[in-house]
Each structure stands twice: as structure tokens, then as C-alpha cells.
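Presented below is the structure to which this report refers.
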Amino acid sequence: LGLASIATAWAGAPGFAGRGGDTVEIGIHFSTFARTEVVARAGVPLRVTLVNTDPIDHEWLVGDAAFHERHRTGTETHHDARPTELSIPAGTTRTTTVTFREPGDYLFICHLPGHEAYGMVGVLHVLP
């Protein structure tokens, strides 16, 4: 599934999106995502709130394998232009809303140096 399948704004946290949409919260502490699994329903808006209580910055990037490969070697130092790409500065909270058009599993990863290897990885399951 490509990023073309992902529409409109978004932010990260585990939960289940019902008919009217849902809100999930993902805490970030000690360079880990407090929730590593989120469930949503295709075509239903999901509002994600990311709470970074660490004294360092993190990012929440959501996409397929090709998307993440580009970001592992990319040069973007800050993310704000796309709902599935957020920078979360130390001690801040960011919220986004996204609607996934296609069912599937999308990884969310922090690609700052060493963070993925440390375990800052989760999966967003989009159900039909």
C-alpha cells in the first residue's frame, strides 16, 4: 500500500476508530512509544495525539516500507507539511488527524539517529 492510500491529517496513538472517528494518544518516554499498536478503520478519520515527555526531540512518521526506506536515508530535519509526518520537540504535544483509504498495516517510526534501532517502532492496523 502506498502513501497515496493515506488521506488527510493525522497523529499517533493506539486505539480503535469507530463510525464517527476516534482519538488515540501515544506517549513518548525514554525514547519509546508507549503504544506500539494502533487500530483504525479504512475511511474513518483517526485523530492521534503524541505526547513527548522526553528531554529530546522525536518524530512520528507513518507509511509503507518504501516510505521508511526513503526517510532512513533522507535529509529532512523537520516534519510538519504532511499529516503522517510529525516532528515532536522535547516536552511538547502534537496532534494530527488522518484517514486511511486502504486497509493494511502501516509502520510508524522515529528515524532520528539510533531511535529506530532502539525500538521506536509501532504499527497502525487499518481494518476494512
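The values are calculated or read from the model by the stated rules, or taken from the named source; none is laboratory data. Model, not experiment: these values are computed from the prediction. Positions of Cβ are backbone-derived with ideal geometry, glycine not excepted, and every protein chain shown enters the neighbour counts. All accessible areas refer to the heavy atoms of the entire protein, side chains included, with ligands and DNA or RNA removed. Shrake-Rupley method; radii C 1.70, N 1.55, O 1.52, S 1.80 Å.
The accessible surface of region 48-116, taken with every protein chain in place and a 1.4 Å probe, is 53 percent carbon and sulfur. Taken along the Cα-to-beta-carbon direction at a fixed 7 Å, the label points for L107 and E76 span 1.6 nm.
Here the spin labels are modelled as points 7 Å beyond Cα on the Cα-Cβ line, and at A34 and T93 they lie 1.0 nm apart. Using the 1.4 Å probe convention, the accessible area of region 66-127 works out to 50 Å² per residue with neighbouring protein chains retained. Could you tell me the center-to-center distance, by alpha carbons, between region 28-56 and region 88-107 in angstrom? That distance is 7 Å. Summing charges over neighbours of R94, with a neighbour being any other residue whose Cβ is under 12 Å away from its Cβ, gives -4 when K and R count +1 and D and E count -1.
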